[in-house]
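A.B. asks: First the structure, then my questions, so here it is.
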Amino acid sequence: MSENEFEQFLHTNIPITEAMGISVTEFTKSRVILVAKLKPNINDKLTAFGGSINTLMTICGWSMVFVNIKEIDPKAQIVIKKSNINYRAPIREDFTAECEILEDETRREFLETYTKHNKSRLDLKVVIKNKETVFAEYEGQYVVFK
């Protein structure tokens, strides 16, 4: 699935992604990058709303799980089990969430567990940053099941 196809998938299946102005700039098994526009996500302080930041980061992690599991099982169900977010600085611009799986071993274990038990979990980190500032850090545990 290409970045454009996945973006349309998100907008159709998770409608808030379209309302938030989310676009997909990278969608690979090792890295997912999503961008949200500031304007539809602004709060009364003229910065990005915390709920929008959390939503973008949650969906970014969910997207990483999606790109890795759907090749093995297109009908796999993906849910967020728990998450933690640290808001480090106010966001006054369009914002980009990035999630990476740096270890092939992590991916292999996740997929092997799913194949063996029809269920698996994946702990992921997502960050929102620009060249100078880390705005938010997120850790989420996602569960996949048949």
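None of the figures in this text is laboratory data; all of them are computed from the coordinates on show. Owing to the predicted nature of the structure, the values given are computational and were not obtained by experimental measurement. FYI the Cβ positions are ideal-geometry reconstructions off the backbone, even for glycines, and counts take in every protein chain you see.
A.B. asks: What label, among (1) 8.3; (2) 12.0; (3) 12.8, belongs to mean projected area of the Cα convex hull in nm² computed from the structure on display?
C.D. replies: (1)
A.B. asks: While we're looking at this one, here's another question. Pop out the ³J(HN,Hα) list for the stretch 52-67 in order, Karplus 6.51 cos²θ - 1.76 cosθ + 1.60 with θ = phi - 60°, rounded to Hz; leave Gly and Pro as x.
C.D. replies: 5, 4, 4, 4, 4, 5, 4, 5, 4, x, 4, 5, 5, 5, 4, 5
A.B. asks: Let me ask something else about it. Positive end of the charge dipole of the chain (Lys, Arg +1 and Asp, Glu -1 on Cβ, about the Cα centre): tell me which of Met64, Val127, Asn86 has its Cα farthest that way.
C.D. replies: Of the options given, the answer is Asn86.
A.B. asks: If you don't mind, another one. Counting only helical runs of four or more DSSP H residues, what would the 222 nm mean residue ellipticity of the chain come to if each run contributes -39,500 (n - 2.57) and the total is spread over all its residues?
C.D. replies: Roughly -10500 deg cm²/dmol at 222 nm, from the helical runs in the chain.
A.B. asks: Ok, one more. Please order Val32, Val67, Val134 by the number of other Cβ within 10 Å, starting at the fewest.
C.D. replies: Fewest-to-most ranking of Val32, Val67, Val134: Val134, Val67, Val32.
A.B. asks: Here's a follow-up. Treating only the Cβ of Lys, Arg, Asp and Glu as charged (+1, +1, -1, -1), what charge dipole size does the stretch 3-145 show about its Cα centre? Round to the nearest 20 debye.
C.D. replies: 400
A.B. asks: Something else: Would you look at the GNM of the chain, springs on alpha carbons closer than 10 Å, and say which of Asp44, Asp73, Asp123 moves the most?
C.D. replies: Fluctuation is largest for Asp44.
A.B. asks: Can you sort Lys131, Lys70 by how many other beta carbons sit within 10 Å, fewest first?
C.D. replies: By the 10 Å Cβ count, ascending: Lys131, Lys70.
A.B. asks: In whole angstrom, how far apart do the alpha carbon centroids of the stretch 66-111 and the stretch 1-48 sit?
C.D. replies: 14
A.B. asks: For the chain, set up a GNM with springs between Cα atoms under 10 Å and report which of Ile53, Ile128, Ile16 has the largest fluctuation.
C.D. replies: Ile16
A.B. asks: Over the chain, what relative contact order in percent results from Cα pairs under 8 Å that are six or more residues apart?
C.D. replies: Reported relative contact order: 25 percent.
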